[in-house]
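A.B. asks: Just dropping this structure here.
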Amino acid sequence: MRLDLTEIAQHVGKQMSYQVDEPASSIEDVPVLSPIQGNLRFTNTGDLLLVRGFLHATVQMECSRCLRLFEMPLLCEVEEQVELRAVAARPHEHPQVTIIPEEGDNLFLEGNILDLSELIRQMLIVSLPIKPLHDPKCKGLCPTCGADLNEGECSCERPVGHPAFAALARLLAQMEEA
Ligand SMILES: [Zn+2]
Ligand SMILES: [Zn+2]
């Protein structure tokens, strides 16, 4: 999906709304289970072209503790902007407003053409959690036998307390002895 921004770039104060409804596919290796929907509003403020709005979709993720697959709603806010500048091709000619893409802007512009599919893809990628959890209280898998501890305790012995605290306790004991 590509969006031509030439028209809005020429008119200061102009606004344009765009309803996003892209078919489900996958982003990176993450299956998208629903269409990607949302709304984007483009505003020409004179110096800037603002892009504001939101996107939502349901994705399938793998819990980082217990490895089960689960559905997760993703909601991301879009807040981007790009500079506008009036440039005359020749002196005395009526200046044409041109979009000035910047290094590091996230709009994927080619001239005045916005690559909307790429913008949407990138927005969703950055809103994916790094360590997804199917439940914030997920107990994870037993490191010894691999049993899913959400289903119940296994018979393996488990060290008491967090390993980091155990290490700290040993360190404190050593300091006291010294
Ligand atoms: Zn889990
Ligand atoms: Zn176990």
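A.B. asks: Would you please list the contacts, defined by Cβ atoms under 7 Å and residues six or more apart or on different chains, that run from a residue in the stretch 1-30 that is within 13 Å of E118 (Cα to Cα) to a residue that is part of a loop (DSSP other than H, G, I, E, B)?
C.D. replies: Listed by first residue and then by second, the contacts come to E22/M1; E22/P35.
A.B. asks: While we're on this one: Which residue out of F42, F54 is of a type in the set (F, W, Y) and buried (at least 17 other Cβ atoms within 10 Å of the Cβ)?
C.D. replies: Details: F54 fails: buried (at least 17 other Cβ atoms within 10 Å of the Cβ).
Every option except F42 fails the conditions.
A.B. asks: Report, by residue number, each residue of the stretch 28-38 that is part of a strand (DSSP E or B) and surrounded by 14 or more Cβ atoms within 10 Å (Cβ to Cβ). Working first, answer last.
C.D. replies: Of all residues in the stretch 28-38, those part of a strand (DSSP E or B) come to 30-32, 36-38.
The answer is V30, P31, V32, I36, G38.
A.B. asks: For the stretch 65-85, what are the residues that are in a strand (DSSP E or B) and surrounded by 14 or more Cβ atoms within 10 Å (Cβ to Cβ)?
C.D. replies: Of the stretch 65-85, the ones in a strand (DSSP E or B) are 69-85.
Once the filter is applied, which keeps residues that are in a strand (DSSP E or B) and surrounded by 14 or more Cβ atoms within 10 Å (Cβ to Cβ), the stretch 65-85 yields F70, M72, L74, C76, V78, E80, Q81, V82, L84.
Values quoted throughout were computed directly from the atomic coordinates according to the rules given, and no laboratory measurement underlies them. Predicted model, so just to flag it, every value in this text is computed and none were measured. Glycine also receives a Cβ, built like all others from the backbone with ideal geometry; neighbour counts cover every protein chain displayed.
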